[in-house]
1. With the checklist (1) buried (at least 22 other Cβ atoms within 10 Å of the Cβ); (2) among the small types (Gly, Ala, Ser); (3) assigned to a loop (DSSP other than H, G, I, E, B) in hand, flag the one item residue 121 doesn't pass.
2. Step by step: first the residues of segment 64-80, then only those that are among the hydrophobic types (A, V, I, L, M, F, W, C) and buried (at least 24 other Cβ atoms within 10 Å of the Cβ), then the one that is farthest from residue 114 (Cα to Cα). Which residue is that?
3. Identify all residues within segment 68-90 that are outside any helix (DSSP H, G or I) and in contact (Cβ under 8 Å) with a residue 60 or more places away in the chain; write none if there are none.
4. Consider segment 202-215. How many of its residues are modelled with pLDDT of 85 or more and surrounded by fewer than 20 Cβ atoms within 10 Å (Cβ to Cβ)?
5. Taking the condition of being among the small types (Gly, Ala, Ser) and in contact with a Phe, Trp or Tyr (Cβ under 9 Å, 6 or more places away or on another chain), how many residues in segment 190-222 meet it?
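The values are calculated or read from the model by the stated rules, or taken from the named source; none is laboratory data. Quantities reported herein were computed from a predicted structural model and do not represent experimental measurements. Glycine gets a Cβ as well: all are built from the backbone with ideal geometry, and neighbour counts include every protein chain shown.
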Amino acid sequence: MSGRTTEQLLHELSQNLPPVRPIPRIRSVLAVVLAAWLGAIALDWRYGLLREGAFGALAGADARFVAVLAGLALVAVGAMLASLTSAVPGRESDTRLCTAAAFTGVGLAAGGGLWAVVAAAGSESDTAAGAFLCLSHATALGFLPVLMAALFLARGVAHRPRIGAGLAACGAVALGALVIHASCRAGGALHMLLGHALAPLFLGFALAIPLAALIRHWGRAN
């Protein structure tokens with residue numbers, strides 16, 4: 001019978017195991033995502049559509065406007081955190097809680113948008129003009145944040161990459177839509193509903209599959 005101790009046996013067995021890649025802390029990744037978002041806003045302010053006084057829409061905000069704004073903020077934080085925690089083993093309960101918060105945010109934003117549409121029914125302000133422009137602008141502002149989130153998901157242990165990718169896309173687009181909603185002066189109830197409130201939902205579904213493919217590709221490369 002061998003005189004090797006359990007400690008020695010464990011050491012010998014561990015010699016053949018591949019090294020484990022450390023997973024960055026969620027708060028550190030979230031800080032990077034938010035920094036990327038602020039960087040995107042700064043770039044847009046310098047070269048894009050945002051200009052001084054662009055956030056003047058906040059001054060005349062009513063309850064419907066605030067409901068959409070609060071809903072988008074909840075989607076941004078909830079969906080992004082749900083995506084990041086989904087790639088960390090043992091954080092399943094956090095993922096479920098954050099996903100529920102994101103869905104609550106979608107309901108709040110959509111409710112505010114629908115309220116505005118009902119209130120403006122039949123009036124000249126009930127228009128969807130420019131909604132696509134706001135959708136594309138929100139996506140552009142969310143590009144850097146979702147890229148940072150995708151890099152983390154590629155390093156993590158995502159059991160459902162499409163869901164994680166979809167949540168990351170929803171969160172990133174909601175960050176962009178939050179800025180667009182606070183700065184857009186186009187008006188129009190349908191515009192607010194389709195171009196602002198529902199932007200994370202529309203684009204989250206649209207971007208989930210290509211983003212998941214990118215995450216898998218980066219994961220294999222690492």
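1. Every condition holds for residue 121 apart from (1).
2. Top of the filtered list is 80.
3. Hits for segment 68-90 are 86, 87, 88, 89.
4. Here the count works out to 6.
5. First, pick out the residues of segment 190-222 that are among the small types (Gly, Ala, Ser): 195, 197, 199, 204, 206, 208, 212-213, 219, 221.
With in contact with a Phe, Trp or Tyr (Cβ under 9 Å, 6 or more places away or on another chain) added as a condition, the list becomes 195.
The total comes to 1.
For (1) crowded, with 22+ Cβ neighbours inside 10 Å; (2) not in a helix (DSSP H, G or I), each residue gets a yes or a no:
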{"residue": "132", "(1), (2)": "no, no"}
{"residue": "141", "(1), (2)": "yes, no"}
{"residue": "182", "(1), (2)": "no, no"}
{"residue": "186", "(1), (2)": "no, yes"}
